[in-house]
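Visitor: Quick one: structure below, then a few questions.
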Amino acid sequence: MSATPPAAGGPDTGTPHPARVYDWFLGGTHHYPADAEFGAQIVALDATAKYGARHNRWFMQRATRHLAGPAGMRQFLDIGSGIPTEPNLHRVAQALAPDARVVYVDNDPIVRAHAAELLHGTEDGVTAFVQADAREPELILERAAEVLDFTRPVALSLIAVAHFIGGEHDAHAVVARLTEALAPGSHLTLSQLAGDEETAWVGEAVDRYTTGGVTLVPRTRAETERFFDGFTLLDPGLAQPPDWRPELGVGEVRDGTRVPLYAGVGRKR
Ligand SMILES: C[S@@+](CC[C@H](N)C(=O)[O-])C[C@H]1O[C@@H](n2cnc3c(N)ncnc32)[C@H](O)[C@@H]1O
């Protein structure tokens, strides 16, 4: 979210960045005062933002439990992976499937700086990080193919990242390019800021992010479902994160608060 370029060689700490603001929402330690200040502005608009971020994270964990468990996935491509937050996706996947191969992708150099924390996986599995932009799907597919076999099913995740793609970039075309590279039986896990909820703060948040130089695109249920073209949405379909298969949760905190995100998992036909 920087109008001013970062000093050569160092992160731009003076303006908020989505990955670090999200880290602040989650109670992490990898953010700067500018990120905390921006996060607090968003919380002032929506008091449930931190709850929603935690539930987005729990959704990732439950989806991964399903994918590495009953769905039998052994290859994961997590785009917009974020600053490491325990448990990360590979921990959840490799706890169930120690041979799982996981490629993380994020475009933020701060995530790369903390990638070493991500890369401790099982001996039988593989955990790798690629710094790349989701808007360059060809590059991501090329780099991921060094670790993943795209002739076999891959679990692609785009969790709380598609809403940062918009403007001149067609998010649906980006996701379609990624998903057309996947073999049948692959899965897509995605969450997205809801645009048809009656929450006035969403428009305010979009304005704040835009002012900070970040694209934030809320989408309707139908627009979000379109990301799953060619996939069969698993039960219960698109849901608020807390409502997606809560029975797979471990130690989650629920108070019935509405979370304005659409979350779902689909299986490629
Ligand atoms: C809200 S965080 C979500 C992190 C994680 N997926 C989760 O749900 O817990 C969004 C992440 O997407 C990354 N991101 C935003 N735009 C991106 C893009 N165009 N390409 C790759 N990563 C992007 C940010 O750097 C940030 O780490």
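Visitor: Return the calculated 222 nm mean residue ellipticity for the chain, to the nearest 500 deg cm²/dmol, obtained by summing -39500 (n - 2.57) across DSSP H runs with n ≥ 4 and dividing by the residue count. Please list the in-between numbers first.
Guide: Numbers: 10 runs with 93 residues, N = 269.
-10000 deg cm²/dmol, from helical runs alone.
Visitor: Local charge sum around residue 132 (other residues, Cβ-Cβ under 15 Å, Lys/Arg +1, Asp/Glu -1)?
Guide: On the way: positive: 112, 135, 143, 177; negative: 78, 106, 108, 133, 136, 138, 142, 146.
Around residue 132, the charge tally is -4.
Visitor: Note down the nm distance, to one decimal, between modelled labels 7 Å out along Cα→Cβ at residue 170 and at residue 147.
Guide: Between residue 170 and residue 147, the label points sit 3.0 nm apart.
Visitor: Work through the residues other than residue 120 whose Cβ is under 14 Å from its Cβ and net out their charges, Lys, Arg +1 and Asp, Glu -1. Mind dumping the intermediate values first?
Guide: Details: positive: 91; negative: 86, 117, 123, 124.
Here the count lands on -3.
Visitor: Where both residues lie in the chain, what percent of DSSP beta bridges are antiparallel, nearest 5? Don't jump to the answer; show the numbers that get you there.
Guide: Working: 11 of 32 bridges.
Bridges in the chain that DSSP calls antiparallel: roughly 35 percent.
Visitor: Filter the GluC sites (Glu not before Pro) in the range 191-269 to those in DSSP coil with at most 13 other Cβ atoms within 10 Å of their Cβ, and list the result. Kindly include the intermediate steps, with their values, before the conclusion.
Guide: Working: sites: 197, 198, 204, 223, 225, 247, 252; in loops: 197, 198, 252.
Filter output for the range 191-269: 198.
Visitor: I'd like the distance separating the alpha-carbon centroids of the range 55-70 and the range 222-262, in whole Å.
Guide: Spelled out, the Cα-based centre of one part sits 11 Å from the other.
Visitor: Continuing with the same structure: Quote to one decimal, in nm, the extra length available between residue 235 and residue 220 on full extension: 0.36 nm per residue of separation minus the C-alpha distance between them.
Guide: Fully extending the segment from residue 235 to residue 220 adds 3.5 nm.
Visitor: Let me ask something else. Show me the trypsin sites (Lys or Arg not before Pro) within the range 179-255 that DSSP assigns to loop and that have at most 16 other Cβ atoms within 10 Å of their Cβ.
Guide: On the way: sites: 208, 219, 221, 226, 254; in loops: 254.
Within the range 179-255, the qualifying trypsin sites (Lys or Arg not before Pro) (loop, at most 16 other Cβ atoms within 10 Å) are 254.
Visitor: Under a 10 Å cutoff between Cα atoms, tell me which one of 162, 36, 100 has the largest fluctuation in the Gaussian network model of the chain.
Guide: Per the Cα network of the chain with a 10 Å cutoff, 36 tops the list.
Values in this text are rule-based calculations from the coordinates and carry no lab data. As the structure is a prediction and not an experimental result, all values here were calculated from the model. Counting neighbours? That spans all protein chains shown, and the Cβs are built from the backbone with ideal geometry, glycine included.
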